[in-house]
Structure formats: structure tokens, C-alpha cells
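Data block below; observations after.
Nothing in this text is a laboratory measurement; each read-out follows from the coordinates by a stated rule. No experiment lies behind these values; they were computed from the predicted model shown.
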Amino acid sequence: MAHYQRLRDLREDADKTQQEIADYLGTSAQHYGKYESGKAEIPLERAVLLAKYYNVSLDYIAGISSSRHPLTSDSSLSPIGILSDKITRLSESEKQAVKDTLSSVIDMIK
């Protein structure tokens, strides 16, 4: 599979719009759309950001591997850092659900 098809599939699987991913990458939706259509090559820095965002390997994004999962993980990330990274990927309603759940847990502990 071509890398630009992977970009679209990953975005659609995450239920994100081109605009949302473009905002994350610091580019326009129009320019990001060119990455997905194969009309422009995605810079390595942005491919790395997307690999982290989707939690996949660069090999997967490049179409070299059919395995989505990175071969190694960054053990330097703390559990809080990992949680924070995952929370930033949630929709606003999902973030609110996490906040409500945490509030309930805190209330039970008190």
C-alpha cells in the first residue's frame, strides 16, 4: 500500500478530519490533503509526528510494514507523559468523560 493511502486510512480510522490533522501538524488542510493524495511528499518531521500521534511505526506509514505497531517503545516516557499524550488525541466529549471519571474517583477517595 502506498504511504499516502496509509495516511488517509490512519486518519479515517481515528475519526479525524483533514483539518484536525493539519492543525496538529501546523499546516493547512489543503496542503495536508496533498500528502494524502500523493501530490506532495510528507516531510520526515511530519511523518514522525504522525507516527507518534497514531502510535504506529514509520515503516507502517511508509508502506514498508503491514504491522501498525512500533517495534520498540520509548521507555523514557513516564506514565503521566504517555497518559497526557493519549488524552490530547481524544475528542472533546471523550476528554469530558475522562474528566468526569477522574472526578468520581477523586470523590470516592476523599
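Observations on the structure shown:
- Against the set (i) 64, 21, 13; (ii) 45, 26, 13; (iii) 30, 17, 11, the structure's computed semi-axes √(5λ) of the Cα gyration tensor in Å falls on (iii).
- Helix axis angle, 79-88 relative to the chain longest principal axis, alpha carbon, degrees: 70
- Taking a straight Cα-Cα cut-off under 23 Å and skipping sequence neighbours fewer than 8 places away in the same chain, the lysines within cross-link reach of K86 are K16, K52, K95, K99.
- Taking all Cα pairs closer than 8 Å and separated by 6 or more residues, the relative contact order of the chain comes to 20 percent.
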